[in-house]
1. If I go through the range 386-411 residue by residue, how many of them are loosely packed, with under 15 Cβ neighbours inside 10 Å and under 20 Å from Lys467 (Cα atoms)?
2. Please indicate, with yes or no, whether at least one residue in the range 105-119 is of a type in the set (A, V, I, L, M, F, W, C) and in contact with a Ser or Thr (Cβ under 6 Å, 6 or more places away or on another chain).
3. Looking for whichever is open to solvent by 10 Å² or more (accessible area, probe 1.4 Å) and modelled with pLDDT under 95 here; the options are Glu500, Glu478. Which one fits?
4. Taking the options Arg67, Arg21, name whichever one is modelled with pLDDT of 90 or more, within 30 Å of Gln294 (Cα to Cα), open to solvent by 30 Å² or more (accessible area, probe 1.4 Å) and not aromatic (Phe, Trp, Tyr).
5. Just to be sure, is Leu334 modelled with pLDDT under 65 and over 25 Å from the mean Cα position of the chain (by Cα)?
6. When residues of the range 118-155 are filtered for being in contact (Cβ under 8 Å) with a residue 40 or more places away in the chain, among the aliphatic types (A, V, I, L, M) and out of contact with any Cys (no Cβ under 6 Å at 6 or more places or on another chain), how many remain?
7. Go through the range 196-233 and report how many residues are open to solvent by 10 Å² or more (accessible area, probe 1.4 Å), part of a strand (DSSP E or B) and either closer than 12 Å to Pro521 by Cβ or not assigned by the TED database to the domain that holds His502 (or both).
8. Every residue in the range 414-461 that is open to solvent by 40 Å² or more (accessible area, probe 1.4 Å), in contact (Cβ under 8 Å) with a residue 24 or more places away in the chain, in contact with a helix residue (DSSP H, G or I) (Cβ under 7 Å, 6 or more places away or on another chain) and among the hydrophobic types (A, V, I, L, M, F, W, C), please.
Amino acid sequence: MFTHLSGGRANIQLIQEAAVRELVEILDRCEGTKAIIWDESLGGPVGLVARYTFLKEHHVTKMYPLRPEPWTDIDVKNIIFITRPNQTLMDYIANNIHEEERKKKISRKEYYLYFLPKKSFLCEKRLQVKGVHGSLAHIGEFRCDFFPFDNDLLSMELKDAYRDLYLEGDTSSLHQSACALIALQKLFGRIPKVYGKGSCAQRVWELTKTMADEDETVLNSDKGVVDQMIILDRSIDLMSVLATQLTYEGLIDEIFGINNTTVNLPSETFNTGEGFTVERNTEKSQFILNSKEQLYAELRDKNFNAVGAVLSRLAKSIRSRANENHGEKSIQELKKFVESLPHIKANEQSLATHTKIAELIKEVISSDSFLDELGCEQEFMMCADVDKPNPFIEDLIAKQAPLRNVLRLMCMQSIAGSGLKPKVLEYYKRELVQVYGLSTLLTIGNLEKAGLLKPQTGTRTYAVLRKTLNLTAENPEEVSPKDITYVHSIYAPLSIRIVEQHLKPNGWQSLNDVLSCLPGPTFEDFQPAMALNSRRGSFTSEISQSDIPRVIVVCFVGGCTFAEISALRFLAQQDENNVEFVVCTTKLINKNSFLDTFIEKY
């Protein structure tokens, strides 16, 4: 069922199996029928480690989202709450328990509470204040730090990590990230070499080292399958988050939204068939998107302009198989053909599905509004006219275009110009307030705190890096790319360009000048085994043999996009790099979901 998670040198299926063992312990702790009430943000991610059929085998008869209003008629012996440590959610749990106890039914229920990934003293205190702490038969932990999305992709699915860090000053996501990196090393072995950039990245690594010192099993372990880790703070590269993704997977995410490898699409476009389910209430067809599906694995990292050729090639292949003359075949050949029929049928279904998805995407990206916005952002990427009010942004404001679209382009202009000239910034603010209302200033304040909008400074950081690292391409190659710029057509994500430069001789040291332009500290660390502490030179024996691909974990603190992941996969496919990447992130994000965390709802 989860076979697509294995395949790389670092077997990601081990993470799924470890999470399942934790879940089995939780479910088997209480006998009889069970209902699980989930923190709504966990229902989807937990589905990545255990399917509903598995839960039913362990006597889970009902599942509910945790909400302010208590659920009624939960006719089971045991109620299990699984939640992130959040005080508001403790109030919801208290409401549910009070409602159940108020009914005073003959069969008394047992209540269990599990925090993911760790207990919280403040949350337990809240439960005591609400008078339900004593009603809980057990309070424990569901230690699942990373959720496995694919054989090279792990996410913690912390929805508002960047906002919490830069607006609320809440650093709990950094502690959770450190815990996750410790869990990763316990599973895959000690990571000897660590590099990083950014203040949050450094803090995560400092916390990880402190935890490793306290837990000797991490440093005492042999070097594992992972050779190096690069930790990147999202704040060093905000342009790549705001840029429109032009890969197949990136466009699906930005237009329709991929949540926990699942996308919901208009059901009228599809006929019911294998591979997805139709939800009648929402009139949506649900698809699971991961490397288990061969065609999707081939399409997802391609620029959308290269997708048509792949679909056409598969269609021709299926037609030629269907038109084969079977009359002249031997019994053995016919038997082989019959055995391949399910595979051919699956390919036909897959082709039909992705052809329709491609048509839906084409409809959006061929529109004038999409192309005009894309043209504007690409001008900013090229540093064109960043010092004056942009006519296209002015037009959008005048037409009362969606606020998010306007703010995105303003932020991109600010990043490209290392800030906006004070007069330009004030002019934009005045225009926004006049059209969208005074409350827009709250959102603008959030964007300023997050570093997305700011007055111009003397140094033109982005302009310097654009030339130094060749971040933009004059003549993009989208169908047969030779460079990672293809993921945004003309722009290479800065974060991935840093990783690419690191792969070259002298690696991290050669990046000193570049990294010094970016905010926050740069660090490099060697994590020896306890026995090697006295002889630092032993690092050379811990480097992978040159003929075996290096395994490098790239960890994003604050989220990463599918385009960045596609760019890393492109680098891994180049023979000269001889590398495999495993991407770890606090959250999979896109330009829309990222900006939505800063926009105040009125």
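1. Number satisfying all stated conditions: 1.
2. Among the residues of the range 105-119, not one is of a type in the set (A, V, I, L, M, F, W, C) and in contact with a Ser or Thr (Cβ under 6 Å, 6 or more places away or on another chain), which makes the answer no.
3. Matching residue, one of Glu500, Glu478: Glu478.
4. After applying the criteria, what remains is Arg21.
5. yes
6. 2
7. 0
8. Within the range 414-461, Val435 is the sole residue that qualifies.
The values are calculated or read from the model by the stated rules, or taken from the named source; none is laboratory data. Remember, predicted model here, so these are calculated numbers, not experimental data. Using ideal geometry, Cβ is built from the backbone for each residue, glycine included, and neighbour counts are taken over all protein chains shown. Heavy atoms of the whole protein, side chains included, go into the accessibility calculation; ligands, DNA and RNA do not. Shrake-Rupley method; radii C 1.70, N 1.55, O 1.52, S 1.80 Å.
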